[in-house]
1. Answer yes or no as to whether Met86 is under 19 Å from Ala114 (Cβ atoms) and at pLDDT 90 or above.
Amino acid sequence: MTIRGKWAISLLVLFGVSLSMNLFVVGFAASRFHGMGRSGGVEHMIGGFVNRFPREIRHNLRVQLDEVRPELSREFLELGDTRRRMFSLMREDQLDMVALEEAMSEARQKLTDAMAVGQRAVLKAIEDADPASRASIGEGWGGWWHRRRH
């Protein structure tokens, strides 16, 4: 028996919706066990950053970043609060451009503050590294798009 016409299209749409919902539910369930909410957004970003350094520097860098983790987490929480306030200002019926510009400026400053905390840890780890390890910093950075341009 072959299904044709509107029935076939309806079944394909139904199967597509069912597949989408299943993937959404599985993805949501997986994120509860191993997502950024579980491991923390800061830890996820730090892990990706640390892995870009030579093996000899990674351990010291992780130690330095572990020391500033509470401060870094606090900075990112404050940045999140500032961004939520900024988006709230964007949604208001009467747009207050002055308040919005101030909120954007505050968000930039919060991001700069968070970066400064992380960079202080990187500076300390680099300061303690030997010259041979420092010589290979940055090799292979940039991803596939960088390699394609050159």
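The values are calculated or read from the model by the stated rules, or taken from the named source; none is laboratory data. Because the structure is a prediction, the values reported are computed rather than measured. Note: ideal-geometry Cβ built from the backbone for every residue, glycine included; neighbour counts use all protein chains shown.
1. yes
Per-residue answers, yes or no, for (1) within 22 Å of Asp113 (Cα to Cα); (2) in a helix (DSSP H, G or I); (3) modelled with pLDDT of 80 or more:
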{"site": "Arg4", "(1), (2), (3)": "no, no, no"}
{"site": "Ser10", "(1), (2), (3)": "no, yes, yes"}
{"site": "Leu14", "(1), (2), (3)": "no, yes, yes"}
{"site": "Ser20", "(1), (2), (3)": "no, yes, yes"}
{"site": "Gly48", "(1), (2), (3)": "yes, yes, no"}
{"site": "Arg62", "(1), (2), (3)": "yes, yes, yes"}
{"site": "Glu67", "(1), (2), (3)": "yes, yes, yes"}
{"site": "Ser73", "(1), (2), (3)": "yes, yes, yes"}
{"site": "Thr82", "(1), (2), (3)": "yes, yes, yes"}
